[in-house]
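Have a look at the structure below before the remarks.
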Amino acid sequence: MEETYKEKHPAQIPDTVSVSDGENGMDLQVHDSSLDYKGKVPLRSSTGSWKASFFIIAIEFSERLSYFGMAANMITYMTKVMHQDLETAANSVNVWSGVTTVTPLLGGFLADAYTGRYIMILFSAVLYVLASSSSGLGLLTMTQYIPSLKPCGSTLNKCNRATKVHEVVFFMAAYLVSLATGGYKPCLESFGADQFDDNHSEERKQKVSFFNWWNVSLCCGLFLGTTLIVYLQDDIGWGAAFLTLTIIMLVSVLVFVLGRPRYRYRTPQGSPLTPMVRVLVAALAKRRLALPLDPTFLHEVPKSEEKVQARFLAHTNQLRFFDKAAIIEYEDGATPEKKQSPWRLATVTQVEELKLVLKMVPIWLASLIFGVGVAQTSTFFVKQASAMNRRVFNRFEIPAASIYTLTAIGMMTSVALYDSLLLPYLRRATGNERGINILKRIGIGMVFLIIAMALSAMVERQRLRAFHKGNVMSAFWLAPQFLIIGIGDGFSLVGMQEYFYDQVPDSMRSLGMAFYLSVLGVGSFLSSFLITIVDYVTGKNGGKKWIGKDVNHSRLDYFYWLLAIISTLNMCAFVLITKNYSYKKVQSMAGVGDFPSNRDDKGHESLA
């Protein structure tokens, strides 16, 4: 391997450094598939790790500030400015949220296959802030300052419905932000994780902390978005808020570009889906062949013939049908496997990559209910707060959307305590560099979701009783449900980020982050679909609908109990799915996802 690398890069690796000498010999340069901004092998001392990721975390903060500055108060905008009823407004927000978190599937694919992560991030960030017809935030600002685009042509208080022109421009702007986010979100976090070398034990541990502190930055953006920006929207004006977000995003793009010399870049390798299709075709073509008893007889490219950066995956015994794609065929005993078509013969690594994606499908499906629960925080939870007493010291009234800040506080607290206090102890106790297994972390978050939904139902029932007696409950009764969901986010969402980054093939990590985001997006769509179904069923035969024209004429407590029951059933299914889950096994090194001391004798990690 060292000779192959020296032949390709004779001037970039000194004779005194051996790639195979272990981590001490790898301290000068980074020998994975990354390059520096000049296209050379990166120096460990001047690129990557925290010195690069801080620039990336900074732009994540501003993007989340912009997103939550819009998303947290959009339900209020839909009802007060656009004059939509509660059901229509909730569906409008859910659909927008769903599109915003599903478009990353396209952006992630393009980044992995063609553009690379850095270019896609830069393009999408610029799209966020450009003026006129090519910018979402620019258009949103224009809807508040150009008289012909304002909701009523002058002020927000002189009409009972928004003008058609305003509706068209507003939704055009909102969905342009969705398009920009589609290229931005799947690449930014994976680009940040790319700054840490899996071959280096110290950087491998830092990557675990990176996902935790990434979410702290996200929560800081959420916190300011739902306090400062929402305050500007409610008390100063929507135009001032949108203009502020545009300026902050512009500054963050400049900061991101300044970090360019410190980044490590991954070169796109073409469509990551093509090798998987080839495996499927080859397996079907050889479906009648018998598998060898010894998997070492299956085809794999010799490491001496592969790039030094390549990571080989070990064979697993699950989904063995696809192993047939790696069966070596000999015609008359004289056909070398290296001359066979890639549509007829695949490597073990390619087969295992397809298995990783197929095994990910049930995990993704079982995670969707968590996305449905998260969708309630920015819709019905906020509308509950708007109908409650939000005054502090009888003077200052907290904006309804600012209650959403408690979710960020819960998430920041759980992530910070986990990373600073629990993680070092759990590493010593379990021998797992992550502290606890990825899927177990996701499962813990699901338990918190069930608790939050049940508590939300009880609080809403008490709120309705108080309303019918002519009383108004304090909005601080909502604090526990926001905090508990935030704590659950600190487990499940961080766990999903790690899972969908680490357990996908190396060539599709941007797409992997898009899978994670699609959990929230499809969850929003499912929430909207569930609202429609519940509204239809409960209103049948003249019955009282659970979702009325406002929260005081609805039965959201019943709706929350329904979500609690669905979440409990989903949790049981998740445990069964993960019980014998086999994690990604890398042959060339003991990667983050491969901790033998935490596995049973079959190489399994489980939630049980």
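The values are calculated or read from the model by the stated rules, or taken from the named source; none is laboratory data. Keep in mind that this is a model prediction, so the values were computed, not measured. Backbone-built Cβ (ideal geometry, glycine too); neighbour counts: all protein chains shown. Please note that ligands, DNA and RNA were not included when accessible areas were found on the heavy atoms of the full protein model with its side chains. Shrake-Rupley method; radii C 1.70, N 1.55, O 1.52, S 1.80 Å.
Computed quantities for the displayed model
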read-out	value
Selection count, the stretch 571-582, where residues are open to solvent by 10 Å² or more (accessible area, probe 1.4 Å) and β-branched (V, I, T)	2
E460, sole failed condition from (1) open to solvent by less than 10 Å² (accessible area, probe 1.4 Å); (2) touching a Leu at 6+ places or on another chain (Cβ under 7 Å); (3) closer than 26 Å to Q233 by Cβ; (4) modelled with pLDDT under 90	(4)
Subset of the stretch 550-563 (residues that are in a loop (DSSP other than H, G, I, E, B) and closer than 14 Å to A89 by Cα)	D550
Selection within the stretch 527-570 - over 27 Å from W96 (Cα atoms) and buried (at least 18 other Cβ atoms within 10 Å of the Cβ)	none
Residue tally, condition surrounded by fewer than 17 Cβ atoms within 10 Å (Cβ to Cβ) and either within 30 Å of the chain's Cα centre (by Cα) or modelled with pLDDT under 85 (or both), over the stretch 287-308	6
Pair list, Cβ under 6 Å, 6 or more apart: the stretch 167-191 residue open to solvent by less than 40 Å² (accessible area, probe 1.4 Å), other residue in a helix (DSSP H, G or I) and of a type in the set (K, R)	C187/R117; S190/R509; F191/R117
Qualifying residues in the stretch 463-476 (those that are among the basic types (K, R) and open to solvent by 80 Å² or more (accessible area, probe 1.4 Å)) - the one modelled with the lowest pLDDT	K469
Unique residue being outside any helix (DSSP H, G or I), within 30 Å of the chain's Cα centre (by Cα) and in contact (Cβ under 8 Å) with a residue 24 or more places away in the chain when the list is I547, I566, I531	I547
Test: residue in the stretch 99-109 that is under 22 Å from L243 (Cβ atoms), in contact with a helix residue (DSSP H, G or I) (Cβ under 6 Å, 6 or more places away or on another chain) and at pLDDT 80 or above	yes
Those residues of the stretch 323-356 which are over 17 Å from T296 (Cα atoms), assigned to a helix (DSSP H, G or I), modelled with pLDDT of 80 or more and open to solvent by 50 Å² or more (accessible area, probe 1.4 Å), in sequence order	none
Leading residue by the ranking (surrounded by the fewest Cβ atoms within 10 Å (Cβ to Cβ)) among those in the stretch 223-267 that are modelled with pLDDT under 85 and of a type in the set (D, E, K, R)	D235
Of all residues in the stretch 41-93 being of a type in the set (D, E) and over 24 Å from G225 (Cα atoms), the one that is surrounded by the fewest Cβ atoms within 10 Å (Cβ to Cβ)	D85
Candidates L417, L455, L423 - the one that is aliphatic (A, V, I, L, M) and open to solvent by less than 10 Å² (accessible area, probe 1.4 Å)	L423
Matching residues, the stretch 477-506, being open to solvent by 40 Å² or more (accessible area, probe 1.4 Å) and either touching a strand residue (DSSP E or B) at 6+ places or on another chain (Cβ under 9 Å) or in a loop (DSSP other than H, G, I, E, B) (or both)	D506
